[in-house]
Amino acid sequence: MSILIYAESSDGKFKKVAFELASYGKKVAESLGTTVTAVTVNANNVSELSKYGVDKVLKVTNDKLSAFNAKAYADVIKQAAQKEGTKLVLLSSTTDSLYLAPLVAVGLSAGYASNVVGLPVSTSPFQVKRNAFSNKAFNITEIATDVKVLGLAKNSYGVFENMGSASEEDFSPALNDADFNIKTESVDKTAGKLTIADAEVVVSGGRGLKGPENWGLIEDLASALGAATACSKPVSDLGWRPHSEHVGQTGKPVATNLYVAVGISGAIQHIAGINASKVKLVINSDAEAPFFKVADYGVVGDAFEIVPKLTEKIKEFKANNA
């Protein structure tokens, strides 16, 4: 059972999820006694993938694919899988890949399991563990088709170096002109800032910040932690922050290693969207805030006093351990 991964990139640079997917694919490949092939689209330094266990890279370079197009990208991955005779295709759970995976599965007549959170439970029959019910539970899903497509949940496996030497091959799949009749444009990019999708740490603010003029507290803490900034739904609805920063069940779900919630009470829709995060730290002046019931760590107090002190301590620690 050969393995193919889609190594996602942006502006020619690989996203962190590409390295996590390669790490995951290598571990699965070792258990199956096979190799990992990655397909890339307009990526620059593809040799980076060899550090994480990729054995072969199919390089696709085409100006038509400079902007993301779900149908065209899915067809590229399908043709790469057919070329390699792969039986297992791995994608991440970024916004783009969530569009791609079902299209790839249909194109390959494959079974598809999304939100996979661990290595296969069994390979015969083929079973995987998945998040379910907005990350409130897990289920074991069996895929019986010959070809299988998995969508790995973000930050569910980790990034592990496994140095090797990957061969590189230029790949020119046939593109269907009809796929390019619909143009899409990303409007969710903030130059120079870490995005929620790529972040391992997210610092999020709520109405407890009292107004957009106080958002510097969130940005300073995020900067100290190397984190992305986010917000609750009421904050984006009030226009304090862009909707692209709204996290939760009705916004962007996140599965970070650390989620810091400042001044957020913890409505059920918000908690459902961040519940997959491994560690949740809540800072709130209301000791009865619902968020404390699901928090790993909680601080009851005034955010305007606590957050600046926390930020300063983090900066001091980093300076002393540089």
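The Cα atoms of the stretch 122-246 define a convex hull whose projected area, averaged across directions, is 13.7 nm².
Taking every DSSP beta bridge that has both residues in the chain, what percent is antiparallel when rounded to the nearest 5?
Working: 12 of 57 bridges.
Bridges in the chain are about 20 percent antiparallel.
In this structure, the residue pairs whose Cα-Cα separation is over 24 Å, taken from Lys129/Lys278; Lys293/Lys318; Lys16/Lys129; Lys27/Lys64; Lys26/Lys148, are Lys293/Lys318; Lys27/Lys64. With the charge dipole of the stretch 3-180 set up from +1 on Lys and Arg Cβ and -1 on Asp and Glu Cβ about the Cα centre, the Cα lying farthest toward the positive end among the listed residues Pro102, Ser167, Asn44 is that of Pro102. Charges were assigned to the Cβ only: +1 to each Lys and Arg, -1 to each Asp and Glu. The resulting dipole of the stretch 29-103 about its Cα centre is roughly 160 debye. Normalised Debye scattering of the chain at q = 0.06, 0.09, 0.13, 0.14 Å⁻¹ gives log10 I(q)/I(0) of -0.23, -0.51, -0.98, -1.09, counting only Cα atoms as equal scatterers and leaving out solvent. Selection among Phe180, Ser92, Tyr6 by position relative to the dipole of the stretch 3-180 gives Ser92 as farthest towards the positive end (Cβ unit charges, Cα centre).
Close amide H contacts of Val282 (hydrogens built in the peptide plane, cut-off under 5 Å, sequence separation of 5 or more or a different chain): Ala261, Tyr297, Gly298, Val299. Note on the stretch 83-134: along the principal axes its Cα atoms extend 31, 30, 14 Å, ordered by decreasing extent. A Gaussian network model of the chain, with springs between Cα atoms under 10 Å, assigns the largest mean-square fluctuation among Thr256, Thr95, Thr229 to Thr95.
Pairs from the list Lys51/Lys136; Lys15/Lys87; Lys78/Lys136; Lys15/Lys280 with a Cα-Cα gap above 29 Å: Lys51/Lys136; Lys78/Lys136.
Using a Gaussian network model of the chain in which every pair of alpha carbons under 10 angstrom is joined by a spring, one finds that among Leu221, Leu152, Leu238 the greatest mean-square fluctuation is at Leu238. The coefficient of translational diffusion for the stretch 1-84, derived via Stokes-Einstein from the alpha carbon Kirkwood radius under 10 °C and 1.306 mPa s, stands at 124 µm²/s. Shape annotation for the stretch 196-320: C-alpha extents along the principal axes are 40, 29, 28 Å, from largest to smallest.
Sorting the Cα pairs of the stretch 3-180 by distance into bins of 5 Å, from 0 upward, gives 1, 9, 19, 24, 22, 15, 7, 3, 0 percent per bin.
Since every read-out is calculated from the coordinates, none of them should be taken as a lab result. Keep in mind that this is a model prediction, so the values were computed, not measured. For neighbour counting, all protein chains shown are included, and Cβ atoms are generated from backbone atoms with ideal geometry for every residue, glycine included.
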